[in-house]
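The values are calculated or read from the model by the stated rules, or taken from the named source; none is laboratory data. Treat the numbers as computed from the prediction; the structure is a model and nothing was measured. As a convention, Cβ positions derive from the backbone with ideal geometry for all residues, glycine included, and neighbour counts pool all protein chains shown.
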Amino acid sequence: MAAGYLLIQARTAHDAIPLSGVQVNILDMDGNILYELTTDENGETPVVSLETVDKSFSQIPDYDGTPFTSYSVFAQDFGFNPLSVSDIPIYDSETAILPLILTPMQSAQRQTVTQEISIGKPAVAMQDTTGQTGPLNSSRILRQVVIPNPITVHLGAPNSSAANVQVSFSDYVKNVASSEIYPTWPEASLTANIYAIITFALNRIYTEWYRSRGYNFDITNNTAYDQYFVQGRPIYESISRIVDNIFNEYVRRQGQNEPYFTSFCNGTTATCQGLSQWGTVTLADQGMSPLQILRYYYPDDVEITETNIITGILSSYPGTALRIGSTGLDVQTIQTYLNRIRRNYPAIPVITDEAGVFGESTRAAVTKFQSVFNLASDGIVGKSTWYKISSLYTAVARLAELDSEGGTLGIGTVPPSSVLRQGSTGADVITLQYLLDMISEYYPEIPELAQDGIFGSGTRQAVLAFQRVMNLNADGIVGPLTWNALYDTYQGILQNVPSHGPGDTDTFQYTVQPGDTLWLLSRRYDTTVDALKKLNGLTSDMLLVGQILKIPLSQSASYIEYTVLPGDTLWLLSRRYKTTVDAIRQLNGLTGDIIDVGQILRIPLN
């Protein structure tokens, strides 16, 4: 029997926060548990081996069986809704990398709600006909070929009420390739198909195919119109490595800038004027290169080019790989980014080299980063590593900025009483926009938006998306029900998601109680008022009951004091603070498990 492999990663906030301690079960299709795993400090499980079908069957177009074996995953963690992912295809000799997109529980939520995702077979094995249409020569174009980061994907036909999700462009391409074709195909075949997928998406962006028609997305996941995308699916290592190398390259005709309209179909149950997915396998077996395969199906003068215009990236790739011996500002930039990222991913070693000098400690940090994020672990900062480091630093920095901003705004626990709609302005709109922006970090269906205090169309779209996710009446108006849901969701994030990475033990979260002042808290926790204000972005001494504060830990602290909230139990607190029920009982002199709201408990730190 052949074997494939499965690696599971539990991360949130665009990978900015790894989730350690997630309990993961891998099951066969009869429901038998094969593995019981726990994610580590990087949010990863060990790679496990699973029986599957010989890869030769996935390279036969008329094979009427299933050339893979399916498995299921069930994941759960304190403070998050469980996730069930079924029908995960495992291929011979391929490693499937499954992201666990766990959503935080709301503050008022007492029972978990399991999210269910079904993956299934790739589009190339489906009987559905394709109907991709688009311009071969466009009259409505952007000035330049731009990679949208993130890209907004509509999870249905264009006119449907399905949700939109935002995902990084490279992750989008990996997902589509894993959803469209078999990862066991020859490398030249995979590469040609991935070029077609990249270019098809960039053509949609360049021609504003959907935006110019009034839609608020870039592309759909419906194969009758575009290309297949399955939210929450695993991607395959063979596909991932190719995408990392070519994600900013695309197909165009010589003398033109526009991405060519690279339509495609499976070439068996569906035929088209463009690329035949199954046909690429035959051509690759004949020794054709990816470009030769593309020229077989598209005009003879198509060529491969690249664009380095990527939105949402702070620093563009310098054009030359960085390695041992490299010096300069680009090296210093990478060192700065990695040293910040390691606060969330402590497995990345500290960089001790001189700023701007690529020495052994920089190489070690780069190599570990590459290993954690499934890149080729060569210790060299090439194009794919540069953009991944830059992208993750952007996510980490944005989250830190949002954390700080929340303290400045003093959100508290009581929602405003105002009713907001398109056209509203003022402080409550800024509060609304901040809440939506923070929530969008953990719910990919909710778009990011600018916080300008003006309730425009972008804010309305975010409100509608939030209302749909929360099963509220989607009217775009923020009344009491929507305000309450926003606050419950926001407070749930603060309570259940680590504010820093698992290895960052410099602070803990404290919920402000009646009678608390900054001076009293500074005395209780051996710090200063100024330190508390700086850490939480406060401009005054005023505190609100229910407000979440970050408290710096004393170097000698062996415990923190925690005020019991409604719904707390010793078991829940032990899970939240990575300790045991017995340790909490012993430290507090408890003889049973009963605790009272408002009771102050000492929680051991280790």
Filtering segment 388-418 down to residues that are touching a Phe, Trp or Tyr at 6+ places or on another chain (Cβ under 9 Å) and outside any helix (DSSP H, G or I), which residue is modelled with the lowest pLDDT? Gly412
Being of a type in the set (Val, Ile, Thr) and in a loop (DSSP other than H, G, I, E, B) is the filter; apply it to segment 109-126 and report the residue that is modelled with the lowest pLDDT. Thr112
Somewhere in segment 240-257, is a residue crowded, with 21+ Cβ neighbours inside 10 Å, farther than 16 Å from Leu294 by Cβ and either without any contact (Cβ under 8 Å) to a residue 24 or more places away in the chain or of a type in the set (Ser, Thr, Tyr) (or both)? yes
Total residues in segment 394-417, condition hydroxyl-bearing (Ser, Thr, Tyr) and crowded, with 17+ Cβ neighbours inside 10 Å: 1
Options Ile430, Ile380; residue that is outside the structural domain of Val243 (by TED's automatic domain parsing) and farther than 20 Å from Trp483 by Cα: Ile380
Taking segment 161-178 on its own, how many of its residues are assigned to a helix (DSSP H, G or I) and crowded, with 23+ Cβ neighbours inside 10 Å? 9
Could you go through segment 134-154 and let me know if any residue there is over 23 Å from the mean Cα position of the chain (by Cα) and assigned to a helix (DSSP H, G or I). no
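Here is a yes/no grid of residues against (1) more than 30 Å from Val463 (Cα to Cα); (2) β-branched (Val, Ile, Thr); (3) at pLDDT below 95; (4) within 23 Å of the chain's Cα centre (by Cα):
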site: Leu98; (1), (2), (3), (4): no, no, no, yes
site: Ala157; (1), (2), (3), (4): no, no, no, no
site: Ser170; (1), (2), (3), (4): no, no, no, yes
site: Trp185; (1), (2), (3), (4): yes, no, no, no
site: Ala192; (1), (2), (3), (4): yes, no, no, no
Quick test for you: out of Gln422, Gln461, Gln433, Gln495, pick the one residue that is in a loop (DSSP other than H, G, I, E, B), out of contact with any strand residue (DSSP E or B) (no Cβ under 6 Å at 6 or more places or on another chain) and in contact (Cβ under 8 Å) with a residue 24 or more places away in the chain. Gln422
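To keep it simple, each residue is scored yes or no on (1) more than 23 Å from Leu98 (Cβ to Cβ); (2) in contact with a strand residue (DSSP E or B) (Cβ under 9 Å, 6 or more places away or on another chain); (3) part of a loop (DSSP other than H, G, I, E, B).
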site	(1), (2), (3)
Thr333	yes, no, no
Arg343	yes, no, yes
Ser361	yes, no, no
Ala364	yes, no, no
Asn374	no, yes, yes
Residues in segment 15-25: is at least one touching a residue at least 12 places away in the same chain (Cβ under 8 Å) and under 18 Å from Ser240 (Cβ atoms)? yes
Counted residues in segment 507-525 being surrounded by fewer than 13 Cβ atoms within 10 Å (Cβ to Cβ) and either at positive phi or in a loop (DSSP other than H, G, I, E, B) (or both) come to 2
Considering every residue within segment 235-255, establish whether at least one is closer than 23 Å to Ile313 by Cα, more than 18 Å from the chain's Cα centre (by Cα), at pLDDT 95 or above and of a type in the set (Phe, Trp, Tyr). yes
How many residues of segment 446-468 are within 21 Å of Asp488 (Cα to Cα) and either among the polar types (S, T, N, Q) or modelled with pLDDT under 95 (or both)? The answer is 7
One residue from Asp40, Asp30 being within 25 Å of Met105 (Cβ to Cβ) and surrounded by fewer than 19 Cβ atoms within 10 Å (Cβ to Cβ): Asp40
